[in-house]
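Comments concern the structure below.
The values are calculated or read from the model by the stated rules, or taken from the named source; none is laboratory data. Being a predicted model, the structure only gives us computed values, none of them experimental. Don't worry about glycine lacking a Cβ; one is built from the backbone with ideal geometry, like all the others, and counts go over all protein chains shown. Remember, those area values only see protein heavy atoms, side chains included, never the ligands or the DNA or RNA. Shrake-Rupley method; radii C 1.70, N 1.55, O 1.52, S 1.80 Å.
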Amino acid sequence: MIGDALVASAQARAAGQPQRSDELALLAALPDSLVDEAAEGVMLDRVDALWSAGWQPVEVLRQGRRGCRTAAGGRLVALGIASDDADRRAATLDARWMSQVQELDLPSSDGAPGWIRRWSRTEGLDRITAVDTVIDALATLDRLPPIDVLIPPPGVDGFSAQAEAAAWSALLPDGEAAGGRLDPVLERIRGLLAKAESTTFEAEATALTAKAQELMTRHAIDAALLQRRSGRAGDRPIMVRVPVDAPYVDAKCLLLQTVAAAGRCQAVAMTQLGLSTVVGFADDVAVVELLFTSLLLQAQNALEEAARSAPTGTRVRSQAYRSAFLQAYAGRIGQRLEEINAAVFAAADPDETEAFLPVLRSRADEVDDLVDERFGALTTSRVRGGFDAAGWAGGTVAGDNARLDSGQLGDTMARGSRASTLGASGSGPRRQEERSG
């Protein structure tokens, strides 16, 4: 009965209905032990349901911190995850799942009853505030829709778990497949991007980033040639979810979509959740994640530098300026990456080109098919955040600090014709593909 009242209150709040003070006071007036016991059961049931709905520990923890009105609510969600995990047998957990939980630094919990009361006392909350925070945490979890299962959830073992893991093999956070070794090409790309992030010379950062993209494109060609010569079908595309943090989630998702397109992948934004799903083959997806993270860091550094050097009274810290900056930055990055791809393709031996292009097209078709299968019809939306001409100009400059031609990159960059651009010659807010449902 108490659990039903908590569920009803959480669902009403998740739907945007205001909390009635008399209902909250009535729950707070009931015996603490009964309310806490019911709240623990409801919380654990909701967390377990989210696992089956495709959510992973790191994602639920992030949504709890993003969605709860107070930090105490976010910490309650973390404690709920820890208490759920305490009752799980290792034999029912995928290795990647256990790795996530271990890396989250969750609060200590043995799963024994009473953890909500201990949380409330640690937070120093009065009874009404504690009950209100519990309802807020439950409402935050209730707002989360089903998403794709990328790794087997707890309790899925045996053949079904193996099949699910093979079909939707998400990469581990450090870029390694479970039980495998880090690809030396990915390791080299990681090193190039780390140097690009750390250098204070913009031209050097641009050249290092270009070299990373060139290396990955060459790697994709080599893999396609090997697949063609061996006659093997090759791997299946995979999906991974990339967190995209506020502010300017739309513009950052656009940057990820741009990087994904140049890396032979597709990115589907779920902006309300602050997530984007990248679909592609494992090596390509790994590089897209690395390159997006690096380019986003470089963009943020450029924004900070613009703020430091701007004259008094300029709008470099406004929402419109920064959104336009990031949109223009994404457009110019798209041009540069496509130019690199075109140069690598142009430098390839004509006989090789005839061999690898059909394979790359086939892989692109497989990625398209998986996107269609998992997402259906996608909608295109304008990037929100406003437009500012100065921000657009600043973002274009930041994305175009050094021209990427053979003279500046040395012998590593082959000469070739320029690729078609992603509309970067124009100006104004761009569009991104979003999940339709």
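The figures follow:
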read-out	value
Test item: Cα-centred dipole of segment 217-304, Lys/Arg +1 and Asp/Glu -1 on Cβ, debye	480
Residue 121-residue 297 FRET efficiency (beta carbon distance; Förster radius 45 Å; 0.05 resolution)	0.65
Debye, to nearest 20: dipole size of segment 1-148, +1 on Lys, Arg Cβ, -1 on Asp, Glu Cβ	380
R0 of 35 Å, Cβ-Cβ distance residue 22-residue 65: FRET efficiency to nearest 0.05	0.70
Residue-normalised accessible area of segment 286-351, given per residue in Å² at a 1.4 Å probe	40
Residue 236/residue 34 FRET efficiency (R0 56 Å; Cβ-Cβ; nearest 0.05)	0.65
Inter-label distance for residue 380 and residue 58, nm, one decimal - labels placed 7 Å from Cα along Cα-to-Cβ	3.2
Listed peptides 92-103, 59-70 by packing density, highest first (mean Cβ within 10 Å)	59-70, 92-103
Sorted peptide list for 37-43, 13-19, criterion being average Cβ within 10 angstrom, highest first	37-43, 13-19
Fully extended contour minus Cα-Cα distance, from residue 308 to residue 188, at 0.36 nm per residue	39.9 nm
Peptide ranges 391-397, 340-346 listed from the most packed, as the mean C-beta count within 10 angstrom indicates	391-397, 340-346
Percent RCO, i.e. relative contact order, over segment 41-85, from Cα pairs under 8 Å lying at least 6 residues apart	44
Residue 397 paired with residue 353, simple spin-label distance in nm, labels 7 Å along Cα-to-beta-carbon	3.8
Protein accessible area in segment 1-96, 1.4 Å probe - carbon and sulfur %	55
Label point distance in nm, residue 222-residue 197, each placed 7 Å from Cα along Cα→Cβ	2.4
Average accessible surface area per residue within segment 199-284, 1.4 Å rolling probe, Å²	37
